[in-house]
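J.: Quick one: structure below, then a few questions.
The values are calculated or read from the model by the stated rules, or taken from the named source; none is laboratory data. Remember, predicted model here, so these are calculated numbers, not experimental data. Methodologically, a virtual Cβ is constructed for each residue, glycine included, from the backbone with ideal geometry; neighbour enumeration extends over all protein chains shown. Surface accessibility is based on the protein's heavy atoms, side chains included, excluding ligands, DNA and RNA. Shrake-Rupley method; radii C 1.70, N 1.55, O 1.52, S 1.80 Å.
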Amino acid sequence: MSEALGRVVATERRPNTPHEFHFWTAIDSPVGIGTIVRVDGTNPVDGQIPHIYGIIVEGFSYTDLQTPMHDVLGHDGLPTTAGYAATDRAEIRLYTAAVLRQMPEEPLQPVPMGQVFLAEEADVQVALRMDSYLRDGSNTGIPIGVYRAGGTEAVIYLDADFLLGPEAAHLNITGVSGLATKTSAVEWLLASMFKHFPEEKGSIAAVCFNVKGPDLCYLDQPGKIEKSDEALYEKLGVEPKPFESVEYFAPYTAKGLALNTFRNNEALLDNVTPLTWGLREVLQFAEVLLNRDDIDAKADALIDFIVQNVVDKEFSDPILSKKHMVQSFADLDAWFRDVLQGMERKDGESWRTHHVATIRKVRNRLSNISTRCAGLVTDSGAVSDLPFGSFEDRTVYVVDVANLEEDAQDLIFARIVSKLREHLERRDLGVKHLVVFVDELNKYAPGDGPDTYVRKMLLDIAERGRYLGLVLFSAQQFRSQVHRRVVGNSGTSLFGRMDPDELSTPGYSVLSPATRTRLATLEKGQLMIRHPHFTQPIFVRFPRPAVMQGREGSERYPQASDVSLEAAILRALRPLDPTITLPWVQEITALYTQDEVLRARNATLLARPDNVKAYFASQFRKIIPAQAAPRPMAGSIKSAPENDPYGF
């Protein structure tokens with residue numbers, strides 16, 4: 001047992017309570033804000049010596065001076081004469097600690113007088129109630145970081161049942177941009193979960209939306225870590241290496257030649273899959289893209305009619321010139337054109353209770369989707385999607401939407417998360433637990449503003465997702481400006497370096513002034529954690545993720561510049577077959593239009609056949625090169641008769 005470093009003290013002005021106590025220490029004691037201490041009582045309670053665990057939340061320093069004037073007079077008004085004083089004034093260090101746990105827990109009484117000790121590693125586990133989920137045979141602990149104070153180093157664990165469900169779920173990270181290491185904390189926590197998540201609880205995967213910069217674009221590339229980080233990795237029981245299984249998804253640019261992602265360098269395209277959707281996939285979430293002030297109930301009725309009766313069905317009507325099978329935006333536009341022409345021929349103002357003005361407006365809005373979301377939404381109806389139904393265990397799926405317009409981002413969020421929920425409800429996604437990481441929550445789930453489809457979707461995940469195994473990991477700069485139902489349903493909260501203005505909001509009033517001051521000055525790699533098992537926030541340090549950082553990756557693997565059609569096809573197909581050359585691509589595609597070539601490329605990337613060359617070539621219609629017609633053989637010229645008067 002270590003030596004005592006202080007004693008509990010209580011006065012009439014500063015009494016101890018069941019939730020807070022005070023103690024004094026020597027000036028050189030290795031304690032400070034955030035240090036965990038243990039109080040050993042002297043009088044038994046029900047035959048047991050009480051042990052009280054607390055965390056320091058405030059500190060004070062006193063001398064025997066009544067006013068500063070006495071010190072001025074004692075040194076003749078000259079600070080330089082302080083060294084000539086015969087004696088030094090007595091100084092006391094007084095700390096206030098919030099109670100973490102009392103043993104025994106009943107009866108709950110004020111903290112008794114007793115000696116104060118620095119908490120050791122075993123004490124930290126008891127103080128934070130980690131002993132309840134670190135038992136042999138039922139260990140659900142996931143390392144989040146290391147607590148350090150006064151020579152004590154203790155691994156801090158989160159309870160998987162309260163991080164990923166079903167008891168509680170969801171995690172939220174707050175901190176200023178660039179200094180709070182929010183993305184790094186998520187990358188580290190995913191690596192820790194993949195390593196320590198109990199196998200008996202099932203499989204786990206993660207879907208991360210990269211909404212800004214290249215931060216999440218190099219998770220499979222090794223990064224630089226220091227020796228201090230290596231020591232942390234060893235203590236936390238995680239190997240310092242990049243993620244072994246990562247899949248990337250990104251739509252094309254508007255031209256359709258290159259992928260619209262920071263990870264479009266040819267050396268990294270082997271695990272990048274295009275993300276393209278057609279009419280069927282988009283029309284289910286048309287309200288995400290349509291302006292609700294412009295689309296009224298009449299337009300909604302027409303859209304519902306199209307979804308239920310027209311799309312993917314053979315549709316006929318007396319006013320139509322032919323039967324229609326609508327499977328793409330091009331087919332839908334042809335159907336609209338035929339309907340409007342039929343109404344003009346009959347000089348009618350409505351068709352099946354839908355007014356001609358409503359039909360024209362809906363046609364305008366729906367036909368415009370493929371233009372507004374060019375690269376993601378295709379006119380042809382080609383689909384390349386996430387592997388719903390075949391998700392793999394311990395795999396990270398990154399959807400890069402950083403370079404897209406807001407409409408396209410909202411559509412991707414809405415459709416992917418909705419599909420994930422549908423498959424988890426049917427238990428056929430491929431994994432039992434899924435983490436969805438969304439950054440910039442101030443933008444997607446603000447506390448004020450219009451009630452958008454994306455915000456409703458995030459609220460639904462936060463409130464009901466844990467029952468399905470769908471867990472939301474979110475991050476933002478200003479927690480006070482995020483919808484309260486999103487952050488309020490997050491069982492675990494992480495705080496990096498905070499902005500002082502944010503700390504002055506009412507949501508942080510439960511923290512002591514000293515704790516708020518420390519939050520405003522945290523270094524990179526330090527976090528404050530709130531978890532259901534912890535009665536008070538805890539400060540920890542986590543290692544730098546062993547993956548390549550975004551800035552380093554963008555320098556080593558610069559984005560590909562605009563290229564020709566043939567070069568774009570070569571870049572897309574060569575990861576599937578390294579023997580493909582540019583002359584071969586030029587020969588195969590020479591007689592075809594750009595749309596035909598891109599359609600063949602998309603089909604090949606989706607199928608990933610064994611014989612890439614043969615499959616790609618088979619996607620083109622046969623064109624017989626024009627040949628010159630054979631010249632007829634000249635017949636023999638008959639000789640003129642002898643009696644021909646015109647012969648010569």
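J.: List every residue whose amide H lies under 5 Å from the amide H of S474, counting only residues 5 or more places away in sequence or on a different chain, with H placed 1.01 Å from N in the peptide plane.
T.: Residues meeting the amide H criterion: L171, N172, I173, V438.
J.: Excluding residues on the same chain fewer than 8 positions from K613, give the lysines whose Cα lies under 28 Å from its Cα.
T.: K255, K622
J.: So, one more: In sequence order, what are the phi-derived ³J(HN,Hα) couplings for the range 259-267 according to the Karplus relation 6.51 cos²θ - 1.76 cosθ + 1.60 with θ = phi - 60°, rounded to whole Hz, with x for glycine and proline?
T.: 6, 8, 8, 6, 9, 9, 5, 4, 6
J.: What whole number of Å gives the distance from the Cα centroid of the range 355-417 to the Cα centroid of the range 98-119?
T.: Using only Cα atoms, the two centres lie 57 Å from each other.
J.: Using 1/(1 + (r/R0)^6) with R0 = 45 angstrom and r between the beta carbons of T42 and T517, what's the FRET efficiency to the nearest 0.05?
T.: Plugging the Cβ-Cβ distance into 1/(1 + (r/R0)^6) gives 0.85.
J.: If you fit an axis through the alpha-carbon atoms of helix 453-464 and take the longest principal axis of the Cα set of the chain, what angle between them do you get, 0 to 90°, nearest 10?
T.: 50
J.: May I pose another question? Expressed as a rounded percentage, what relative contact order does the range 249-401 have, with Cα pairs under 8 Å and six or more residues apart? Can you show the working numbers first?
T.: Values: 176 pairs, mean separation 56.2, N = 153.
Relative contact order for the range 249-401 comes out at 37 percent.
J.: Right, here's the next one. To the nearest 10 Å², what's Y95's accessible area with a 1.4 Å probe?
T.: Estimated to the nearest 10 Å², Y95 gives 20 Å².
J.: Loop only per DSSP, at most 14 neighbouring Cβ atoms within 10 Å: give me the trypsin sites (Lys or Arg not before Pro) in the range 1-67, ordered by residue number. Don't skip to the answer; put the middle values down first.
T.: On the way: sites: R7, R13, R38; in loops: R13.
Counting only loop positions with at most 14 other Cβ atoms within 10 Å, the trypsin sites (Lys or Arg not before Pro) in the range 1-67 are R13.
J.: Extension gain D136-E121, at 0.36 nm per residue separation less the Cα-Cα distance, in nm? Numbers along the way, then the final one.
T.: Working: separation 15, 0.36 × 15 = 5.40 nm, distance 1.74 nm.
My answer for the length gained is 3.7 nm.
J.: Okay, next question. How about the range 312-370: which trypsin sites (Lys or Arg not before Pro) there are in a DSSP loop, with at most 14 other Cβ atoms within 10 Å of their Cβ?
T.: Passing both the DSSP loop test and the Cβ count: K313, K322, K323, R352.
J.: Hey, what angle do you get for helix 329-346 against the long axis of the chain, alpha-carbon based, 0 to 90 degrees rounded to 10?
T.: It is inclined by approximately 60 degrees.
J.: Below 8 Å between Cα atoms, with a sequence gap of 6+, how large is the relative contact order for the range 451-574 in percent?
T.: Averaging sequence separation for qualifying contacts and normalising by length gives 17 percent for the range 451-574.
J.: Here is a further query. Within the accessible area of the range 280-372, what % is carbon and sulfur when the probe is 1.4 Å and the other protein chains stay in place? Don't skip to the end; give the middle numbers.
T.: Numbers: 2150 of 4980 Å².
Using a 1.4 Å probe with all protein chains present, the range 280-372 comes out at 43 percent carbon and sulfur.
J.: Let me ask you something else. Pop a pseudo-label 7 angstrom from the Cα along the beta-carbon direction at both A267 and D76 and give the gap in nm to one decimal.
T.: Here the modelled spin labels are 7.3 nm apart.
J.: Among Q586, A617, L605, flag the residue with its Cα farthest along the positive direction of the charge dipole of the range 563-618, charges on Cβ as +1 for Lys/Arg and -1 for Asp/Glu.
T.: L605
J.: Can I ask one more? Spin-label point model (7 Å from Cα, Cβ direction): what's the Q109 to N368 distance in nm?
T.: Modelled inter-label distance: 7.4 nm.
J.: OK, next. So how do Y467, Y248, Y62 rank on accessible area, 1.4 Å probe, biggest first, that is with the largest at the start?
T.: Y467, Y62, Y248
J.: Per residue of the range 61-71, what does 6.51 cos²θ - 1.76 cosθ + 1.60 with θ = phi - 60° give for ³J(HN,Hα)? Whole Hz please, x for Gly and Pro, Karplus curve as stated.
T.: Going residue by residue, I get 10, 10, 10, 8, 6, 8, 9, x, 4, 4, 6 Hz, with x marking Gly and Pro.
J.: Quick one: if the Förster radius is 41 Å, what FRET efficiency do L606 and K241 give, using the C-beta to C-beta distance and rounding to 0.05?
T.: Given R0 = 41 Å and the Cβ-Cβ separation, E is 0.85.
J.: Please work out the FRET efficiency for the pair E234 and R13, using the Cβ-Cβ distance as r and a Förster radius of 56 Å; give the result to the nearest 0.05.
T.: 0.70
J.: Further question on the same structure: Averaged per residue, what accessible surface does the range 280-372 expose to a 1.4 Å probe, in Å²?
T.: Details: 4980 Å² over 93 residues.
Value returned for the range 280-372: 54 Å² of accessible area per residue.
J.: Which of rounded, prolate, oblate describes the range 280-372, given a ≥ b ≥ c as roots of the alpha-carbon gyration tensor eigenvalues and a/c under 1.5 marking rounded, otherwise prolate only if a/b is larger than b/c?
T.: On the way: a/c = 1.80, a/b = 1.26, b/c = 1.42.
Oblate is the answer for the range 280-372, as a/c is 1.5 or above yet b/c matches or exceeds a/b.
J.: Next question, about the same structure. Mind checking the full-extension length gain between S2 and E199? Use 0.36 nm per residue of separation minus the Cα-Cα distance, one decimal, nm.
T.: 67.1 nm
J.: What residues qualify as long-range amide H neighbours of R497, i.e. H under 5 Å apart, gap of 5 or more or another chain, H built at 1.01 Å from N?
T.: V176, A180
J.: Name the long-range amide H neighbours of G491: under 5 Å, sequence gap of 5 or more, or other chain; modelled H, no Pro or chain starts.
T.: A169, H170
J.: With all protein chains present and a 1.4 Å probe, how do D312, D88, D410 order by accessible area, largest first?
T.: In descending accessible area the options line up as D88, D312, D410.
J.: How many angstrom lie between the C-alpha centres of the range 19-49 and the range 228-250?
T.: 38
J.: For the chain, what relative contact order do you get, as a whole percent, if you take Cα pairs closer than 8 Å and at least 6 residues apart? Numbers along the way, then the final one.
T.: Working: 1128 pairs, mean separation 118.5, N = 648.
Once normalised by length, the contact order is 18 percent.
J.: Could you give me the ³J(HN,Hα) list for the range 73-78, computed from phi with Karplus coefficients 6.51, -1.76, 1.60 and θ = phi - 60°, whole Hz, x at Gly and Pro?
T.: Couplings: 5, x, 10, 6, x, 10 Hz.
J.: Probe radius 1.4 Å, ligands and nucleic acids left out: which of R415, R427 has the largest accessible area, and how do the rest follow?
T.: Highest to lowest solvent-accessible surface, that is R427, R415.
J.: Report, to the nearest whole %, how much of the accessible area of the range 563-618 belongs to carbon and sulfur atoms, 1.4 Å probe, protein only.
T.: 53
J.: Does the range 20-109 come out rounded, prolate or oblate by the C-alpha gyration tensor, with a ≥ b ≥ c the root eigenvalues, rounded set by a/c under 1.5 and, if not, prolate when a/b is larger than b/c and oblate if not?
T.: Prolate.
J.: May I ask for the net charge around L128, where only other residues with Cβ less than 15 Å from the Cβ of L128 are counted and Lys, Arg are +1 while Asp, Glu are -1? Don't skip to the end; give the middle numbers.
T.: On the way: positive: R38, R101, R129, R135, R148, R530; negative: E105, E120, E121, D123, D131, E153, D159.
With Lys, Arg at +1 and Asp, Glu at -1, the neighbours total -1.
J.: Tell me what the chain gives for mean residue ellipticity at 222 nm when only DSSP H runs of n ≥ 4 count, each as -39,500 (n - 2.57), the sum divided by the residue total, rounded to 500 deg cm²/dmol.
T.: My calculation for the chain gives -8500 deg cm²/dmol from helical runs alone.
J.: Measure nothing but the geometry: give the 0 to 90° angle between the long axis through the Cα atoms of 182-196 and the longest principal axis through the Cα atoms of the chain, rounded to 10°.
T.: With rounding to tens, the tilt is 90 degrees.
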